[in-house]
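All remarks here apply to the structure that follows.
Coordinate-derived values only; no laboratory data. Please read these numbers as outputs of a predicted model, since none were measured by experiment. Note that each Cβ is placed from the backbone with ideal geometry, even for glycine, and that neighbours are counted across all protein chains shown.
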Amino acid sequence: MSQSIQPAQEQMLFPSGNASAFLETSGLTPELLADVSQSKFVWALSLLLLIGLARIFVSGKQRLPPGVKPLPRLPGLPYAGRFWDIPAEGVKAAWHFGALHKKYGPIYEWKVMGTIHIWVENDKIARDLFVTRQRKYCDRNVLPAAVKVKYGSELLPLMGYGDAFRRYKNFMHMIMRQSNPRGFYGWPVIENKKTLRRLIETPEQWSEHLIVHCARTIASVAWGDPAHGTKLLTMVPYLLKTVSPAGPIINKLTFLQNLPESISPFKQEENKQFDRVKDAFYEALQDVKDRIAAGTAEDSWAKLWLSSESEKASITLNWHEAAHAIGSSSFVAIATIGGPLHCFFTAMCHYPTWQTRVQEEIDRVCGDRLPQLEDMPQLPMLRATVKEILRWRQPTPLGVPHVALEDDVYEGYFIPKDAIVHANHYLISREESLYPDPTEFKPERWIDPAYPTYKEPLTEFPNLRGDTSFGYGNRACPGVDLTQTELVTLLGALLWSFTVKRREGAEGLANPVPWYETNPYVITMSKPFNCEIKVRSEEKRKYIMDGCPDAGYVVKSNEAERENQWDIVRPENEPVHYSWEGLTTRFETPAVMPTYPPGV
Ligand code: HEM
């Protein structure tokens, strides 16, 4: 190869004639020529650098239309911006950007590695941008560790805006509309009973039981069989970490995304994982098809798509798309709903008086049976508990960013196309004017006329519809009704069955209750901890045990029991508490209890 390059170089230096003759007559020595060519290289490199720098500085200076101001911008280096200022961990990022709002106002610009991020502090601005101007702010961003999520992976929550997105989203609304009035085919209530039984049998594994509950429930709703939940559980830790700054290092060192696939471990892993996602979703859909043919398919979203001709006709999804639309709307129902379920345990230990009050309401309305969906109009305190849990500990403290599809001017400030706009849900859920005493868990704020959030009639309000935790505009969460159904029925069942208490005395000292400790990912979950879960009476114990012979365990105890690639096997080093690869790492007693920024 070097032989073929050599003559070409010689030709360039000595365009014609004999080289040595030319050297002799010109007086140029080979050393001098080497110097010249080296300095040429240095000059070319310097020129490139200069052009690059000039572009950075020029692009840094936006040419704004007359009368339009740039947004307040955090100081940083040209292009690289504030690359050193990327906070890693879940809710801590919300505090970090919240502190900066105090200095830079309710909307400011934060540039890092050439990308403009815009941070929004309050509900009004979030609504003005994401709802009133939703068509301008409905794209998603590329994520370095998962470049496919925007285009090509078919995962609805992070899909770029366009025709495919609209069809997926319409499909999602259609299956929700059809299944919500039927209580999601009764699956959440069936799973509640199994979860109660697991909690009686092995209460110390409560956190694990909650995650299993979420997976079994959504797998049943999606494919009519809780067994498919293990597919979701196999994938969720990877997917959640991949889309979080606290995940793979490439999410912070974003320039690594320029590595070609042949040498990029991130791209190779991504391909492997997304092939697995596809296998899981295809397999589950095929299973429903086979069961329909055999006449044994239970009701589910997949069955609806495979057999319904009515609404489906207007939403044309092929097999691949339907498999991913159903699947990608299912894996998001695990950590999101798992978050409030974990928070329930934290809240009940910190606020035992409220637990007693809401139990009195449930006992009065339901007596000796579990609460049903039909009871909900008579259970405003239970609904207030659910609503306040979501406000108090936002499952997605920084929401999901919206990307500007075109240049915009808001209140005289310029927002450029491609800016990534973040609504800080954590701060929005703590706006003092709407939520007095915002750091306190106060479900009464939803049912007492003295509070600004009170709304009548109490048979209907509070509920989760329109709750800001679910985001804004045409990218808002389509899973609100399912979340409402799952949370009110399961928390109702838990409160009817058990009293959750912090440990007391010396045991209490050894097992403190976390306050705002969560996992570090974009969907946060209160850290699990050791507490007492006591069944409220022997009658209730009997009711639960007799009413549900199968507790629905899914985690296998060792590799020898594994039957397929989706089976979940308990890791040897986590014999009691399984943390799902760090999603639910336990709250370990710290040497000193942590302190929090003001207002937390
Ligand atoms: C506590 C429960 C949940 C919370 C707090 C939550 C929150 C969110 C948020 C903040 C967004 C982004 C909204 C935006 O961009 O403005 C979102 C999107 C989404 N959620 Fe949820 N979610 C929850 C449960 C669910 C469930 C149960 C499902 C499905 C069964 C679901 C499916 C989706 C989907 C498909 C999207 C993407 C929508 C789009 O990009 O257009 N979510 N969710």
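Rounded to the nearest 20, the size of the Cβ-charge dipole of segment 462-600 about its Cα centre is 500 debye, with Lys and Arg at +1 and Asp and Glu at -1.
Think of each Lys and Arg Cβ as +1 and each Asp and Glu Cβ as -1; about the Cα centre, that makes the dipole of the chain roughly 1140 debye. Legend: calculated FRET efficiency, Asp418 to Leu373, from the Cβ-Cβ distance at R0 = 45 Å, rounded to 0.05, equals 0.55. For Asp407 and Trp84, FRET efficiency with R0 = 45 Å and r from the beta-carbon atoms, rounded to 0.05? Computed FRET efficiency for Trp84 and Asp407: 0.95.
Entry note, segment 383-495: relative contact order of 28 percent, from Cα contacts under 8 Å with a spacing of 6+ residues. In plain terms, the chain from Ala560 to Tyr596 could stretch by 8.4 nm, reckoned as 0.36 nm per residue minus the Cα-Cα distance. Around the amide H of Phe498, modelled in the peptide plane, lie the amide H atoms of Arg536, all under 5 Å away and 5 or more residues distant in sequence or on another chain. Helix 538-547 and the longest principal axis of the C-alpha atoms of the chain enclose an angle of approximately 60°. Each of Ala493, Val68, Tyr104 was placed along the dipole of the chain (beta-carbon charges, centred on the mean Cα), and the one lying farthest toward the positive end is Val68. Short-range pairs are left out: with C-alpha atoms under 8 Å and at least six residues apart, the relative contact order of the chain is 20 percent. Sketch the reach of a paramagnetic label on Arg570 as a point 7 Å from Cα along Cα-to-Cβ, and name the residues of segment 201-230 whose backbone nitrogen lies under 12 Å away. Taking a point 7 Å out along Cα→Cβ of Arg570, the residues of segment 201-230 whose backbone N falls under 12 Å are 202-206, 208-209. Between Lys69 and Tyr282, full extension at 0.36 nm per residue minus the direct alpha carbon distance yields a gain of 71.6 nm.
In the chain, the DSSP-assigned H stretches of four residues or longer account for a calculated mean residue ellipticity at 222 nm of -14500 deg cm²/dmol, using -39500 (n - 2.57) per stretch and the full residue count as denominator.
Segment 473-501 and segment 376-429 have their alpha-carbon centroids 19 Å apart. The peptide list 65-76, 316-327, put in order of mean Cβ contacts within 10 Å with the highest first, becomes 316-327, 65-76. Taking the number of Cβ atoms within 10 Å of each Cβ as an exposure proxy, the fewest-first ranking of Tyr435, Tyr282 is Tyr282, Tyr435. Return one number: the angle in degrees, 0 to 90 and rounded to the nearest 10, between the long axis of the Cα atoms of helix 229-242 and the longest principal axis of the Cα atoms of the chain. Long axis of 229-242 versus the principal axis of the chain: about 40 degrees. For segment 464-510, the set of GluC sites (Glu not before Pro) satisfying both a DSSP loop assignment and a count of at most 15 other C-beta atoms within 10 Å is given as Glu504. Computed from Cα positions, the angle between helix 2-13 and the longest principal axis of the chain comes to roughly 50 degrees. Put the Cα centre of segment 247-272 next to the Cα centre of segment 65-141 and the gap is 25 Å. Only the Cβ atoms of Lys and Arg (+1) and of Asp and Glu (-1) were treated as charged; on that basis the dipole of segment 272-408 about its Cα centre amounts to roughly 400 debye.
What is the calculated FRET efficiency for Gln257 to Tyr454, with r their C-beta to C-beta distance and R₀ = 56 Å, to the nearest 0.05? Computed FRET efficiency for Gln257 and Tyr454 comes out at 0.70.
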